[in-house]
Amino acid sequence: MIIFVLTGCAGCPMDPFGNGDNRLVILSYNCQNLFDDVRQGGEYPEYDPSSGEWTNETYLGKLAALAAAIQKAPEEPDILLLQEVENSGTLERLSRDFLPLGGYDFHAAPRAQGAAVQTGLLSRIPVEKLLVHRPGGSDSERNILEIWLNPEGDERGERIVLMNNHWKSRLGGAEATEPQRLRSALLLQRRTEELNRDFAGINILFAGDFNEDPWETGREYPTALGTQEDCVAPPVICVGGESAAAQDFYAFWSEIPEGGSYFYGGTWERIDHFFWNRSLSDGSGWDVAGCILVDDPMLLNEYGTPLAYSGKTMRGYSDHLPLLLVLERR
């Protein structure tokens, strides 16, 4: 088994934002259950419009809240990689009616019939190709979206492949649910091997809610993410280590000194991620210019943790915080 070794956030200053051409701004955000107001079957009970609790008013309030959260990013994103989206119609409505500058001509949230929420995409950059992966071949697990971009728009352009993820949560126990996260990690591993074999030097960026913190310790069972030092059983995607192979990936959180994107059980968790390969940190072509946690006070409650959206009060945004990453053409 090949292990991805994640190292420091090379070329990732804490304040990367400023003027510059040839920039691509990407935001990853778990929206916390973006359901529309039409009953289609499969909704969580509290988001089923037939129950009377989730209405057109609460749906539009949710869209307005998400738009306000997105606009708190220090740069307006060119690409929105979103998790927990019911369908592409919600993204079209978000772009058309709530994001003031609009321009997100491409939207997608392909459905996995057994999953209530999906991974989704809004893009101002033309999407050259979109592939939908089902971990383990199961229709009950959330899709991984593979998005091909050619920002330069010509045959000689340098392609960027984005993978939008939402892995299985740990509800039911971390060890009991780990096999499903392992299936997602193995899919990324095998797909990366294929891309490296067929397209030497291609840029690869993983993003999304992985429902796992690589810096957790003491686990004695195989894990999807982890560290070489702290995992008794080897993880599929490994943080740390001294490998210099072409498969090495870098991690967003390596340069963020404290906090997290999700707060649960009295603890900050770092379960939302950006991971990128060496081609995006080699000083030529497209490279990571910077990354930041979007933790504007507006998105936090009185305790300083994410202010989740409530349909009852029509207040809040999401129980996660967004991550923002900037690519720049060197």
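The values are calculated or read from the model by the stated rules, or taken from the named source; none is laboratory data. Note that the coordinates shown come from a computational prediction; the quantities given were computed from them, not determined experimentally. Here the Cβ positions follow ideal geometry from the backbone for every residue, glycine too, while neighbour counts run over all protein chains shown.
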Exercise for the section: Name, by its number, the condition in (1) assigned to a helix (DSSP H, G or I); (2) within 15 Å of residue 279 (Cβ to Cβ) that does not hold for residue 162. Expected result: (1)
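Can you work out which of the residues in the range 95-125 that are aliphatic (A, V, I, L, M) and out of contact with any strand residue (DSSP E or B) (no Cβ under 6 Å at 6 or more places or on another chain) is farthest from residue 43 (Cα to Cα)?
Quick first cut of the range 95-125, residues aliphatic (A, V, I, L, M) only: 99, 101, 108-109, 112, 115-117, 121-122, 125.
Going one step further and asking which of them are out of contact with any strand residue (DSSP E or B) (no Cβ under 6 Å at 6 or more places or on another chain), we end up with 99, 101, 112, 115-116.
On the way: 99: 25, 101: 31, 112: 13, 115: 9, 116: 6 Å.
Only one residue fits best here, namely 101.
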Practice task
Please specify each residue of the range 48-62 satisfying the condition of being farther than 16 Å from residue 313 by Cβ and modelled with pLDDT of 95 or more.
Solution key: 56
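Given the criterion surrounded by fewer than 17 Cβ atoms within 10 Å (Cβ to Cβ), touching a helix residue (DSSP H, G or I) at 6+ places or on another chain (Cβ under 9 Å) and at pLDDT 75 or above, identify the matching residue among 205, 187, 225, 171. Don't jump to the end; show me each part of the working.
Numbers: 205 fails: surrounded by fewer than 17 Cβ atoms within 10 Å (Cβ to Cβ); 187 fails: surrounded by fewer than 17 Cβ atoms within 10 Å (Cβ to Cβ); 225 fails: surrounded by fewer than 17 Cβ atoms within 10 Å (Cβ to Cβ).
Matching residue, one of 205, 187, 225, 171: 171.
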Fill in the blank from the handout: For the range 130-158, the count of residues that are over 17 Å from residue 207 (Cβ atoms) and either in contact with a Gly (Cβ under 6 Å, 6 or more places away or on another chain) or of a type outside the set (Gly, Ala, Ser) (or both) equals 10
Handout entry: Checklist (1) touching a helix residue (DSSP H, G or I) at 6+ places or on another chain (Cβ under 6 Å); (2) in contact (Cβ under 8 Å) with a residue 60 or more places away in the chain; (3) of a type in the set (A, V, I, L, M, F, W, C) applied to residue 109, failing item
Key = (2)
Problem - Residue pairs meeting the criteria (Cβ under 9 Å; at least 6 apart or on separate chains; first without any contact (Cβ under 8 Å) to a residue 60 or more places away in the chain, in the range 302-316; second in a strand (DSSP E or B) and surrounded by fewer than 18 Cβ atoms within 10 Å (Cβ to Cβ)) - result: 305/268; 306/300; 307/300; 307/315
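Yes or no: the range 235-255 includes at least one residue that is part of a loop (DSSP other than H, G, I, E, B), more than 18 Å from the chain's Cα centre (by Cα), β-branched (Val, Ile, Thr) and at pLDDT below 90. Reasoning before the result, please.
In the first step, residues of the range 235-255 are kept if they are part of a loop (DSSP other than H, G, I, E, B); the result is 235-236, 240-248.
Narrowing the set further to residues that are more than 18 Å from the chain's Cα centre (by Cα) leaves 235-236, 240-248.
Within this subset, residues satisfying the condition of being β-branched (Val, Ile, Thr) are 236.
Subset that is at pLDDT below 90: 236.
Checked against the condition, which is being part of a loop (DSSP other than H, G, I, E, B), more than 18 Å from the chain's Cα centre (by Cα), β-branched (Val, Ile, Thr) and at pLDDT below 90, the range 235-255 yields at least one hit.
Give the range 191-211 a look and list any residue that's under 22 Å from residue 121 (Cβ atoms) and outside any strand (DSSP E or B), or say none. Before you say what the answer is, go through the steps one by one.
Just the residues of the range 191-211 that are under 22 Å from residue 121 (Cβ atoms), to begin with: 191-192, 194-195, 199, 202-211.
If the condition is that a residue be under 22 Å from residue 121 (Cβ atoms) and outside any strand (DSSP E or B), then 191, 192, 194, 195, 199, 202, 210, 211 are the ones that fit.
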Practice task
Pull up the range 7-36, narrow it to residues that are in a loop (DSSP other than H, G, I, E, B) and of a type in the set (D, E, K, R), then point me to the one that is modelled with the lowest pLDDT.
Solution key: 15
Practice task
Please give the number of the condition residue 72 fails out of (1) among the charged types (D, E, K, R); (2) closer than 25 Å to residue 158 by Cβ; (3) at pLDDT 95 or above.
Solution key: (2)
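Let me confirm something: among 146, 128, 92, 76, which residue is among the acidic types (Asp, Glu) and under 22 Å from residue 40 (Cα atoms)?
Values: 146 fails: under 22 Å from residue 40 (Cα atoms); 128 fails: under 22 Å from residue 40 (Cα atoms); 76 fails: under 22 Å from residue 40 (Cα atoms).
Just one listed residue meets the conditions, 92.
Can you list the strands (runs of 3 or more DSSP E) found entirely within the range 37-148 that contain at least 1 residues being within 21 Å of the chain's Cα centre (by Cα), small (Gly, Ala, Ser) and closer than 30 Å to residue 22 by Cβ?
Details: elements: 79-85, 106-108, 118-123, 127-133.
Where strands (runs of 3 or more DSSP E) fall fully within the range 37-148 and carry at least 1 residues being within 21 Å of the chain's Cα centre (by Cα), small (Gly, Ala, Ser) and closer than 30 Å to residue 22 by Cβ, they are 106-108, 118-123.
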Handout entry: Search result, residues across the range 308-323 that are buried (at least 20 other Cβ atoms within 10 Å of the Cβ) and farther than 20 Å from residue 49 by Cβ
Key = 317, 318, 320, 321, 322, 323
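With respect to residue 157, determine if the residue is over 20 Å from the mean Cα position of the chain (by Cα) and farther than 21 Å from residue 288 by Cβ. Steps first, please.
Numbers: over 20 Å from the mean Cα position of the chain (by Cα): yes; farther than 21 Å from residue 288 by Cβ: no.
For residue 157, the condition - over 20 Å from the mean Cα position of the chain (by Cα) and farther than 21 Å from residue 288 by Cβ - is not met.
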Practice task
Starting from the range 179-190, keep only residues that are under 16 Å from residue 213 (Cα atoms), then list their pairs with residues that are in a helix (DSSP H, G or I) whose Cβ atoms are within a distance under 6 Å, requiring at least 6 positions of separation or different chains.
Solution key: 184/135
Exercise for the section: State the number of residues belonging to the range 264-297 that are assigned to a strand (DSSP E or B) and of a type in the set (Asp, Glu). Expected result: 3
